[in-house]
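Peer 1: Next up is a structure, given as structure tokens.
Only the coordinates and a few stated rules stand behind these numbers; no lab work does. Predicted model, so just to flag it, every value in this text is computed and none were measured. We place every Cβ from the backbone using ideal geometry, glycine too, and count neighbours over all the protein chains shown.
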Amino acid sequence: MKIAILGSSGQIGAYLTEYLRGKGHEVFEYDIANTEDQDLTKIPNLGLEHIIKASDFVFFLAFDVGGSRYLKKYQHTFKFLDNNTRMMASVFGLLEKHNKRFVFASSQMSNMSYSPYGVAKRVGELYTKSLNGLVVKFWNVYGIEKDMDKAHVITDFIRKGFEETEFEMMTDGTEERQFLYAEDCCEGLEAIMENYTDFKPEDPLHITSFHSNTIREIANIIQGCFGLIGRHDVKINSGLAKDSVQMDKRNTADTYILDWWVPTTTIDVGIRKVFEEMRKHYE
């Protein structure tokens with residue numbers, strides 16, 4: 001199958017590109033991180049149109065986010081609004097023009113009306129449903145990241161442990177998240193693609209581990225990884241601030257997808273895999 005991955009250099013996109021190629025698919029990568037010619041905000045975009053037209057399936061994963069350290073501030077900027085609005089207008093327009101099967105990557109934050117990021121993802125969901133595409137909601141996927149300047153919490157903590165020894169997290173660590181290992185995420189996306197006709201645009205396709213951990217628990221697991229290599233000096237201290245990005249306690253994961261896919265990697269095993277891979281760059 002010919003598959004286009006828009007946002008192929010992002011955390012999920014990079015894993016998915018490698019995973020699907022390993023399954024024998026022909027994968028078309030499209031990401032501004034590869035070359036400025038692959039800027040998804042360009043309108044018109046003949047290069048993007050060529051790839052979408054040639055594809056049997058499209059994963060629309062790209063979004064200008066900024067990473068866990070930047071989202072809180074960045075989502076309130078005009079650049080965030082402009083880039084993501086143009087990106088969605090360009091991609092959705094071409095998906096409609098060429099009548100392609102596709103998945104739009106949304107977030108568990110899309111029902112949080114106080115978050116510009118959540119609202120932007122909600123807009124993407126509405127356009128996806130109008131085009132009979134499928135919406136997938138991700139819940140804190142983690143794995144190796146190419147751009148560590150925009151690292152998410154797990155990779156950010158590991159990087160800081162190697163580089164700074166002792167540091168303070170952004171919050172007090174009491175907030176809970178559902179973390180999903182990236183390879184499990186790829187298997188979930190593959191299941192949705194292969195069973196595309198089983199689903200309807202309104203189906204709640206939540207890609208998550210369905211298990212919650214506090215950020216403090218995540219920090220403790222990472223400190224344990226450092227301890228196993230003799231780095232008992234690494235300390236991740238709790239901050240003072242309460243979480244102000246994901247505050248909606250009503251936000252719960254829907255288990256509908258479990259009839260087609262079940263995640264298998266525990267948080268301890270997944271973090272250990274990421275830790276060992278990142279460790280190679282510091283030895």
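Peer 1: With each label point set 7 Å from Cα along the Cα-Cβ vector, what nm distance links K146 and V123?
Peer 2: For K146 paired with V123, the spin-label model returns 2.6 nm.
Peer 1: Can you give the helix-only mean residue ellipticity at 222 nm for the chain, where every DSSP H stretch with n ≥ 4 adds -39500 (n - 2.57) and the sum goes over all residues, rounded to the nearest 500 deg cm²/dmol?
Peer 2: About -12500 deg cm²/dmol.
Peer 1: I'd like to know which of V65, F226, G13 lies farthest towards the positive end of the charge dipole of the chain, counting +1 on Cβ of Lys and Arg and -1 on Cβ of Asp and Glu.
Peer 2: Result: V65, furthest along the dipole toward the positive end.
Peer 1: Now for a separate question. F167 to T266: extension gain in nm, 0.36 nm per residue of separation minus the Cα-Cα distance? Please list the in-between numbers first.
Peer 2: Details: separation 99, 0.36 × 99 = 35.64 nm, distance 2.56 nm.
Separation in residues times 0.36 nm, less the Cα-Cα distance, equals 33.1 nm.
Peer 1: Also, I was wondering about something else. Using the charge dipole of the chain (Lys, Arg: +1 at Cβ; Asp, Glu: -1 at Cβ; taken about the Cα centre), state which of S110, F199, W261 has its Cα farthest towards the positive end.
Peer 2: S110
Peer 1: Can you sort I267, I221 from fewest to most other Cβ atoms within 10 Å of each residue's own Cβ?
Peer 2: In order of increasing Cβ crowding within 10 Å: I221, I267.
Peer 1: Another question, then. Could you tell me which of the pairs K146/K235; K53/K79; K160/K242; K73/K160 are separated by over 23 angstrom between their Cα atoms in the structure shown?
Peer 2: Numbers: K146/K235 25 Å; K53/K79 29 Å; K160/K242 21 Å; K73/K160 21 Å.
Where the Cα-Cα span goes over 23 Å, the pairs concerned are K146/K235; K53/K79.
Peer 1: Does anyone have the angle between helix 267-279 and the longest principal axis of the chain? Alpha-carbon axes, 0 to 90°, nearest 10?
Peer 2: 90 degrees
Peer 1: Relative contact order of region 2-282: what whole-number percent is it, with Cα pairs under 8 angstrom and at least 6 residues apart?
Peer 2: Once divided by the residue count of region 2-282, the mean separation gives 18 percent.
Peer 1: Moving on to the next point. Using 0.36 nm per residue, how much length does the chain from I229 to D254 gain when fully extended, once their Cα-Cα distance is taken away?
Peer 2: 5.2 nm
Peer 1: Using the 2.2 N^0.38 Å rule of thumb for compact globular proteins, work out how the chain stacks up: its C-alpha Rg over that value, please. It would help to have the intermediate numbers written out before the result.
Peer 2: Numbers: Rg = 18.7 Å, N = 283, 2.2 N^0.38 = 18.8 Å.
After normalising by residue count via 2.2 N^0.38 Å, the value is 0.99.
Peer 1: Mind putting a number on the dipole of the chain about its Cα centre? Charges go on the C-beta only, +1 for Lys and Arg and -1 for Asp and Glu, and I need it in Debye to the nearest 20.
Peer 2: I would put it at about 540 debye.
Peer 1: I've got another one for you. Using a basic spin-label model with each label point 7 Å from the Cα along Cα→Cβ, how many nm lie between N195 and H281?
Peer 2: Label at N195, label at H281, 3.5 nm between them.
Peer 1: Quick check: the angle from helix 116-130's long axis to the longest principal axis of the chain, C-alpha only, nearest 10 degrees?
Peer 2: Once rounded, one gets 30 degrees.
Peer 1: Next question, about the same structure. Using a Gaussian network model of the chain with C-alpha springs under 10 Å, which one of G270, G239, G93 is most mobile by mean-square fluctuation?
Peer 2: Residue with maximal mean-square fluctuation among G270, G239, G93: G239.
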